[in-house]
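S.K.: Below: one structure in structure tokens.
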Amino acid sequence: MKRELWMAALVFLISAFGWAFAQPQGTAPARTVVYSLEPGEEILIPESTLCFSLDADHVTLVITKGKEGPFFVILDGVKKGPFNKLAEAMKIADEAKCDKPVKGNECNKYNPAPEAMDMESIVGRDDAGGQIIRFNGKTYGPYAMILNVKITADKSRLYYIAAEQDKTWFACTDGRKVQVGGMPEDFKFSPNGRNALLKITGTLSMAAMQKLAGQSPEKVAAAMKDMEKKFLCSIDGRTFGPFGEDLGEFWFPATANAFYYKVGQKVYRDGIVITVPEGFSACAYYPSEDGKRYAYYSYEFLLFSDGTKFPFPLGLSVRTSNGGTILKWAALENKKDLVVYQKTL
């Protein structure tokens, strides 16, 4: 029942908005019609599979004529069936599933899974009791405390936050090291591992905060007021802020290596405010590496910065190649044509 309601809602969206974008203007993407529905046919989206890669696309559609069937399977344009039961069709469809199917529209915030690390071999102590980092044959420190470490996807760099008496460091094993004030929170690094951004609360160091015990109410109140300030610090030493509670999320897109952050309703790229689509969502925003072009999807359509619009994507996959951002997506047009598009930003 839930699947039928979900399908009905999706078909309504496609029917309501698909016609408005049947003739997009501007730079035309590559367009391939995978299958055209016959009268009475519907695509069972949850049971179907979209697989997009740079060199080939594989689309497996499960089709029904009515709630009780008959059912068909479209494998890369070849129609098989009819099948009296959905399970029979699914058995055929499952045999053609690819390794990395596209599930909906990929979120474009770079958020790699934490690398498995043998912390005992990376973070240790020297003879004097200070904490040190051992990475790729080199030693970093000693520090009073190592607060956080993250290794890039290619394992070429390790970023860390460390405390040393009344100093706090945001550092990378490639030699960059920035002294920061305040209380460090989380940090993120870029897809290529060469850029990183740290969020900080306040300007007082951890040592200064510890000294507040027994201080006057005025000093304690001033310290609490200081903690309302928010800052962002890049690994190259630039600081952005202070911000208040209006500082929202900060992120690196999966398609670019410049950092983005949101303050109130404004969005910044590398510290400079940019124009973004109304109702902005970081997940749905796909910028090019240079930040001059983008794609953005809403509940209604897929929008490009060159002004072209397309029907809401049933599945969207994004890849980068030779400095370009390549988008592939599938959409239902004219209530019957399942189309795969490819466009480079």
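The values are calculated or read from the model by the stated rules, or taken from the named source; none is laboratory data. Values in this document were obtained by computation on a predicted structure and should not be read as measured data. Quick reminder, even Gly has a Cβ in these numbers, built from the backbone with ideal geometry, and neighbours come from all protein chains shown.
S.K.: Considering (1) surrounded by 12 or more Cβ atoms within 10 Å (Cβ to Cβ); (2) closer than 16 Å to residue 48 by Cβ, say which one residue 122 fails and leave the rest.
M.R.: Looking at each condition in turn, residue 122 falls short on (2).
S.K.: Surrounded by fewer than 22 Cβ atoms within 10 Å (Cβ to Cβ) and among the aliphatic types (A, V, I, L, M), is that true of residue 282? Even if it seems obvious, please write down each step before you answer.
M.R.: Details: surrounded by fewer than 22 Cβ atoms within 10 Å (Cβ to Cβ): yes; among the aliphatic types (A, V, I, L, M): yes.
For residue 282, the condition - surrounded by fewer than 22 Cβ atoms within 10 Å (Cβ to Cβ) and among the aliphatic types (A, V, I, L, M) - is met.
S.K.: Based on what the data block shows, is residue 327 modelled with pLDDT under 95, closer than 19 Å to residue 57 by Cβ and in contact with a Gly (Cβ under 7 Å, 6 or more places away or on another chain)? Show your work before the answer.
M.R.: Values: modelled with pLDDT under 95: yes; closer than 19 Å to residue 57 by Cβ: yes; in contact with a Gly (Cβ under 7 Å, 6 or more places away or on another chain): no.
So residue 327 does not fit the description; no.
S.K.: Which of the residues spanning segment 96-135 are assigned to a loop (DSSP other than H, G, I, E, B), touching a Ser or Thr at 6+ places or on another chain (Cβ under 8 Å) and modelled with pLDDT of 85 or more?
M.R.: Across segment 96-135, the qualifying residues are 108, 110.
S.K.: Okay, moving on. Any residue at all in segment 172-179 that's in contact with a Leu (Cβ under 8 Å, 6 or more places away or on another chain) and either within 20 Å of residue 119 (Cβ to Cβ) or not in a strand (DSSP E or B) (or both)?
M.R.: yes
S.K.: Scan segment 136-177 residue by residue and report those that are among the aromatic types (Phe, Trp, Tyr), over 23 Å from residue 231 (Cα atoms) and in contact with a Ser or Thr (Cβ under 9 Å, 6 or more places away or on another chain). Don't jump to the end; show me each part of the working.
M.R.: Pass one, segment 136-177, residues among the aromatic types (Phe, Trp, Tyr): 140, 143, 159-160, 169-170.
Of the ones still in play, those that are also over 23 Å from residue 231 (Cα atoms) are 140, 143.
Passing the criteria: only 140.
S.K.: Got at least one residue in segment 59-66 being over 35 Å from the mean Cα position of the chain (by Cα), assigned by TED's automatic domain parsing to the domain that holds residue 331 and under 18 Å from residue 93 (Cβ atoms)? It would help to see each step written out before you state the result.
M.R.: Here is the first cut: in segment 59-66, the residues over 35 Å from the mean Cα position of the chain (by Cα) are 65-66.
Okay, now just the ones that are also assigned by TED's automatic domain parsing to the domain that holds residue 331, so 65-66.
Among the residues that remain, those that are also under 18 Å from residue 93 (Cβ atoms) are: 65.
Yes - at least one qualifying residue is present in segment 59-66.
S.K.: Now for a different question. Here are 259, 250: which of them is hydrophobic (A, V, I, L, M, F, W, C), over 24 Å from residue 344 (Cα atoms) and touching a residue at least 60 places away in the same chain (Cβ under 8 Å)? Walk me through how you get there before you give the answer.
M.R.: Values: 259 fails: over 24 Å from residue 344 (Cα atoms).
Being hydrophobic (A, V, I, L, M, F, W, C), over 24 Å from residue 344 (Cα atoms) and touching a residue at least 60 places away in the same chain (Cβ under 8 Å) holds for just one of 259, 250, which is 250.
S.K.: Further question: Within the set of pairs 6 or more residues apart or between chains, which connect a residue that is more than 25 Å from residue 289 (Cβ to Cβ) inside segment 322-345 to a residue that is at pLDDT below 90 and of a type in the set (S, T, N, Q) with Cβ atoms less than 8 Å apart?
M.R.: Matching pairs, first to second residue: 335/15.
S.K.: Sticking with this structure for a sec: Kindly establish whether residue 139 is over 21 Å from residue 240 (Cβ atoms), among the polar types (S, T, N, Q) and either surrounded by 20 or more Cβ atoms within 10 Å (Cβ to Cβ) or touching a strand residue (DSSP E or B) at 6+ places or on another chain (Cβ under 6 Å) (or both).
M.R.: Values: over 21 Å from residue 240 (Cβ atoms): yes; among the polar types (S, T, N, Q): yes; either surrounded by 20 or more Cβ atoms within 10 Å (Cβ to Cβ) or touching a strand residue (DSSP E or B) at 6+ places or on another chain (Cβ under 6 Å) (or both): yes.
In short, yes.
S.K.: Here is a further query. Residue by residue through segment 136-167, note down the ones that are in a loop (DSSP other than H, G, I, E, B) and in contact with a helix residue (DSSP H, G or I) (Cβ under 8 Å, 6 or more places away or on another chain).
M.R.: First, the residues of segment 136-167 that are in a loop (DSSP other than H, G, I, E, B): 136-137, 144, 152-157, 165-166.
Once the filter is applied, which keeps residues that are in a loop (DSSP other than H, G, I, E, B) and in contact with a helix residue (DSSP H, G or I) (Cβ under 8 Å, 6 or more places away or on another chain), segment 136-167 yields 165, 166.
S.K.: Quick one: how many residues across segment 100-119 are crowded, with 16+ Cβ neighbours inside 10 Å, among the basic types (Lys, Arg) and out of contact with any helix residue (DSSP H, G or I) (no Cβ under 7 Å at 6 or more places or on another chain)?
M.R.: Count: 0.
S.K.: If you don't mind, another one. Taking segment 288-303 on its own, how many of its residues are part of a strand (DSSP E or B), more than 14 Å from residue 339 (Cβ to Cβ), touching a Leu at 6+ places or on another chain (Cβ under 8 Å) and not hydroxyl-bearing (Ser, Thr, Tyr)?
M.R.: Going through segment 288-303 one residue at a time, the tally reaches 1.
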